[in-house]
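One structure is given here, and the rest of the page talks about it.
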Amino acid sequence: MARRRSSIVLRSFLFAVLVTLAMNALDMTYHVLTDTAVHLGYVAVKFTVIFLTVFLIDWLVGRSWKDQVFGSIAGPAIFFVYYLVATPTLDRSQFVIDEAIWYVAVHAVALGLSYWLASTVVKRADGWRHVGRGVLVGVAFTCLDLAYRMVEERLRLDLEGVLSVAVPGYVVWHLVLAVAVVTFVSWVSRVGWRSYVLAGLAVGAVLAWQSAAAGFVTPFGVFVDGIVFGVLAVVTSCLADRVAAQDVSA
Amino acid sequence: MKKRVKILLAIIFVCALIAATFLLIPGKVQRDIGIGFGRFNDRVLIGTIALIGVVVLSWKVWREKKPGNKRSGGR
C-alpha cells in the first residue's frame with residue numbers, strides 16, 4: 001500500500017515537472033519574441049507556482065480533461081495574484097515586464113498545450129507519437145537550456161540573471177533544432193537507453209555547433225555547451241518516456 | 001472528507017493565516033529586481049503556496065461532491 005502511494009506521488013511529480021518545463025519554455029519563447037526580458041527570479045517563481053498547482057491537482061484530484069482545464073486556468077491565475085501582491089517590491093529600473101491580465105490567457109494556452117502533449121499526444125499509437133514526443137522533449141529541453149544560460153550569466157557576470165543571450169535567433173533556433181533532432185531520433189530508434197544516448201549526442205552536437213556558428217559562445221564554451229546540452233537532452237527524453245508509460249487508470 | 005485531507009486543509013489554513021500576518025507588515029527591503037527567491041517577497045510566495053493548496057482542495061471537494069464525476073488518476 002505504502003509502495004503504491006509513493007508510486008502515485010512519483011507519477012504526479014514526474015508529470016508535473018515535464019508539463020511545467022514545457023509550459024515555461026513556451027512562455028519564455030513568447031517573452032523573447034515579444035521583446036520582454038526574461039529574469040531568472042521571475043522564471044523560478046513561475047516554475048514553483050505552476051509546478052505546485054499541476055502536481056497537487058494530479059496527485060489529489062486526477063488527470064481528466066476537466067482537471068487539466070482547471071489546472072491550466074488556476075495556475076496562471078494564482079501566479080497573477082502573486083504578481084499583483086509582489087508588484088510594490090519590484091525594482092522597476094531593472095524589471096520591466098508589466099504583467100497584464102491577458103498574460104493569464106497566454107500562460108493558460110501554454111499550460112494547456114503542455115498538458116495535452118504530455119497526457120495525450122505522447123500516448124498515441126500512431127506516428128504522431130514521435131512528433132508529440134519530439135515537441136514535448138524539445139520544449140522541455142529548451143526550458144533547461146535557457147535556465148542554464150541564465151544561471152551561467154548570473155554566476156559568471158554576477159548579473160541579475162537576465163536572459164541577455166535569449167535573442168529570438170537563439171531561442172527559436174534551439175527550439176526548432178531540438179524538436180527536429182529528437183523527433184528524428186524518436187522515429188529511427190526504439191525507446192530505451194540507446195535512444196536517450198543518441199538523442200543526447202545529436203542534440204549536444206547540433207546545438208553546440210549552432211551556438212558557435214551564431215557567435216554566442218567561445219570555442220572552449222562550445223565543448224562545455226555540447227556536454228551540458230547532451231545531458232539535458234538525455235534527462236528530458238527519459239522523463240518524457242517515463243510520463244508516456246504512465247497508467248493513470250490505476 | 002477523509003481525515004488526511006482535513007489535516008492537510010488545516011495546515012494550509014494555518015499557513016495562509018501566517019502569510020496574511022506577514023503581508024500586513026510593511027517592508028522596505030528591496031534587492032535586485034525584487035522578485036524571486038531569497039528576496040523581500042518570499043512572504044508573498046508563502047501566501048501564494050497556501051492559496052494553491054486552498055484552490056486545489058476546493059476543486060477536489062467540488063469534484064467529489066458532483067454526482068457522476070469520473071476520476072482518472074489521482075487519489
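Laboratory data are not the source of any read-out in this text; all were calculated from the coordinates shown. Source: prediction; values computed, not measured. Virtual Cβ from ideal backbone geometry, glycine too; neighbours counted across all protein chains shown.
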Under a plain spin-label model, where a point goes 7 Å from the Cα along Cα-to-Cβ, how far apart in nm are residue A:242 and residue A:223? 3.1 nm
Quick check: pseudo-label points 7 Å beyond the Cα along Cα→Cβ at residue A:197 and residue A:34, how many nm apart are they? 4.4 nm
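Using 0.36 nm per residue of separation minus the Cα-Cα distance, give me the extension gain between residue A:231 and residue A:126 in nm, one decimal.
Working: separation 105, 0.36 × 105 = 37.80 nm, distance 2.81 nm.
In short, 35.0 nm is gained.
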Exercise: per-residue mean of other protein chain Cβ atoms within 10 Å, A:79-85: 4
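Can you flag which of B:3/B:65; A:123/B:3; B:6/B:65; A:46/A:66; A:66/A:123 are past 27 Å Cα-Cα? Show your work: numbers first, answer last.
Details: B:3/B:65 16 Å; A:123/B:3 35 Å; B:6/B:65 15 Å; A:46/A:66 22 Å; A:66/A:123 19 Å.
The pairs that break the limit, which is 27 Å between Cα atoms, are A:123/B:3.
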Rounded FRET efficiency, nearest 0.05, which uses the C-beta distance separating residue A:187 from residue A:209 and R0 of 25 Å: 0.70
When you count, for each residue, the other Cβ atoms within 10 Å and take the mean per peptide, how do A:116-124, A:31-39 rank with the highest first? A:116-124, A:31-39
Report Rg/Rh for chain A, rounded to two decimals, where Rg is the Cα radius of gyration and Rh the Kirkwood radius. 0.97
Residue by residue through segment A:221-227, the couplings from Karplus 6.51 cos²θ - 1.76 cosθ + 1.60 with θ = phi - 60°, in Hz, x for Gly and Pro, are x, 4, 5, 4, 4, x, 5
By Cβ neighbour count within 10 Å, fewest first, A:225, A:58, A:126, A:241 rank A:126, A:241, A:225, A:58
Taking chain A as a Gaussian network, Cα atoms linked when under 10 Å apart, which of A:113, A:56, A:90 shows the biggest mean-square fluctuation? A:90
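Grab the alpha carbons of segment A:23-84, take their convex hull, and tell me the volume per residue in Å³.
Once divided by residue count, the hull of segment A:23-84 is 87 Å³.
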